[in-house]
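Since the structure comes first, as structure tokens, the remarks are kept for the end.
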Amino acid sequence: MTTNKRGDLLQSVWDFFCSLKLSISLLICLATTSIIGTVIPQGPQQEYLQQIGPTKLKLYSALGFFDMYHSWWFILLLYLLTVNIIACSVKRLPRVWKIIAEPNLVLDGTLEKSLSLTHDFKMSGDDLALKDKMVAFLKAEFATPVMTEADGVYHLFAQKTPYCRLGVYVVHASIIIIFIGAMIGSMFGYKAFVNIVEGSDTSTVYNPRTGNPIDLGFAVRCEKFSVSFYDTGAPKEFKSILTVLEKGEPVPGYVSIPIVVNSPLTYKGITFYQSSYGPAGVYHFSVTPRKGGAPVHIDARQGERVQMPDGGYMQVLEAVPDVSPFMPQMSGAAAKIEAASPGAVPQQFIVFKNYPRFDEQRGGNLIIAFEGMEEKNFTGLQVAKDPGVWVVWLGCTLMVIGICMAFFLSHKRIWIRVAHKKVTMGGTASKNPAGFQLLFDELVEKLKKI
């Protein structure tokens, strides 16, 4: 009794994974979750986080919506679909393979009744001669037949493209191979981001999920960045000129390579995509103690805190090359900065290049003069390494082959029986029965003229 219950349970589990309903349900779930991953920015991105409330943020984070394609439940769906595909193939493949490898060679009464297309007619000559004529006829008009003699009756069987029946299983295999390639890419690859200022280089990128640095093993330098705009002010095209460096030296063939959106640079299996850009100017200041002393030159970037001679800090909040549109009484470059001495309350104020003594009026311990600015941009690059991409391409190629086999080829079969000067022909096709009927009728007409 226990053995029977265990067998029934195993059979129920097997039938569950072989179910077409399971396949459809899993595909619907994957399609739905893919839509979610398209609607909700993956990352997450700060602009999107500011638009949703704390409740949604907690819910989306708990469900893994911000990194959905690496979430445990999405991976589980892929595993279940893979098991479902394998189970369906294992259950149905032996029957299909038997049709291909062990076809019914004898046109007996049972087979004749099951065929949708049959035709018989009397022909002159003895059965042996008729058999030879039928062999030559099928070989010339259809395919080389297999001859079987049973009880003095000659049976001929010919077929075309029998292996097209395996097309659906080639598609199944391709899906599994694509999943394997995706898993390899997920486990051993990465997608990272990096910002490179014009004229500088980096050998490190950062994982957006964890923030951990990733060493490239080589360096990439942004030689120049340019951007063009539409009349509306929207960016039309932004382009980076990149050079790959090995041990500080440019790599031949990878010097000053332009990349734009949808035209990346690939080196050693790592691909650099143009993703974003922004200002990254360098601002020059001189800081002089009010009580006297030599001025100290300080270079800073926007948003960067730099240390002051008295141990405090200074940060550039904003800068413009010409302040006159905003302050008609002033001219030249200007920078809005925030500065604070140790233990003091931070102050925000403006310094002007054309008025180096303007900050003396502020009354701080240090006098800050703005010496000028170098207008530069940074290029934002998405960096991707996917060692499973060739496995995915193999799966895609197999999928195309399988789809062509499954939808554009048909397994056509013809039987001929020769008995007592009577010829009986029957046929069937796995697809396009209307087209096969035209072929069958054409063969019948040609056979009558022999």
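Any read-out appearing in this document is the output of simple, stated calculations on the displayed coordinates, not a laboratory observation. Only a predicted model underlies this, so the values are computations on that prediction, with no experimental measurement involved. Cβ coordinates were reconstructed from backbone atoms using ideal geometry, including for glycine residues, and neighbour counts include every protein chain displayed.
One way to sum up the overall shape of segment 271-415 is the equivalent ellipsoid from its Cα gyration tensor, whose semi-axes run 63, 17, 11 Å, largest first. Here's the list of aspartates and glutamates a cross-link from K131 could span, going by alpha-carbon distance under 17 Å and ignoring same-chain residues fewer than 8 apart: D108, D120, E141, E149, D151.
Can you give the helix-only mean residue ellipticity at 222 nm for the chain, where every DSSP H stretch with n ≥ 4 adds -39500 (n - 2.57) and the sum goes over all residues, rounded to the nearest 500 deg cm²/dmol? Please report the intermediate quantities before stating the final value.
Values: 10 runs with 159 residues, N = 450.
Calculated from helices alone, the mean residue ellipticity at 222 nm is -11500 deg cm²/dmol.
Net charge dipole, the chain: roughly 1640 debye, given to the nearest 20, about the Cα centre with Cβ charges of +1 for Lys and Arg and -1 for Asp and Glu. Straight-distance candidates among the aspartates and glutamates for linking to K239, with alpha-carbon spacing under 17 Å and chain neighbours fewer than 8 residues away dropped: E198, D201, E223, E375.
The peptide list 413-424, 9-20, 265-276, put in order of mean Cβ contacts within 10 Å with the highest first, becomes 413-424, 265-276, 9-20.
At 30 Å minimum axial length over the Cα atoms and a Kyte-Doolittle cut of 0.0, report the qualifying DSSP H helices in the chain, or say none. Please report the intermediate quantities before stating the final value.
Values: long enough: 72-101 (42 Å, 1.31); 167-188 (31 Å, 2.06).
Helices passing the filter in the chain: 72-101, 167-188.
Panel order for H70, H155, by other beta carbons found within 10 Å of each beta carbon, from fewest to most: H70, H155.
Normalised by the number of residues in segment 285-371, what is the relative contact order in percent for Cα pairs under 8 Å and 6+ residues apart?
For segment 285-371, the relative contact order is 27 percent.
Seen from F408, the other residues with C-beta closer than 15 Å to its C-beta sum to a net charge of +4, counting Lys and Arg as +1 and Asp and Glu as -1. What percentage of all Cα-Cα pairs in segment 2-98 are separated by more than 20 Å? Result for the distance tail: 55 percent. Fewest neighbouring Cβ atoms within 10 Å first, the residues M399, M187, M425 line up as M187, M399, M425. Volume per residue of the convex hull around the Cα atoms, evaluated for the chain, comes out as 282 Å³.
When the C-alpha to C-alpha distance is required to be over 24 Å, the pairs from K236/K268; K422/K446; K56/K191; K247/K268; K160/K446; K98/K421 that qualify are K236/K268; K56/K191; K98/K421.
What's the center-to-center distance, using Cα atoms, between segment 363-400 and segment 163-238 in Å? Going from one Cα centre to the other spans 10 Å.
How big is the dipole moment of segment 136-274 about its Cα centre under a simple scheme where the beta carbon of each Lys and Arg is +1, that of each Asp and Glu is -1, and everything else is neutral? Debye, nearest 20, please.
Numbers: 11 positive and 11 negative charges, 32 e Å.
Around 160 debye, computed over segment 136-274.
In whole angstrom, segment 285-371 maps to an equivalent ellipsoid with semi-axes of 21, 14, 12, each derived as √(5λ) from the alpha carbon gyration tensor and ordered largest first. What whole number of Å gives the distance from the Cα centroid of segment 45-109 to the Cα centroid of segment 266-324? Going from one Cα centre to the other spans 50 Å.
Count charges around W97 for me, please; just the other residues with Cβ under 13 Å from its Cβ, Lys/Arg as +1, Asp/Glu as -1.
Working: positive: K91, R92, R95, K98, R165; negative: E102.
Within the 13 Å Cβ shell, the charges total +4.
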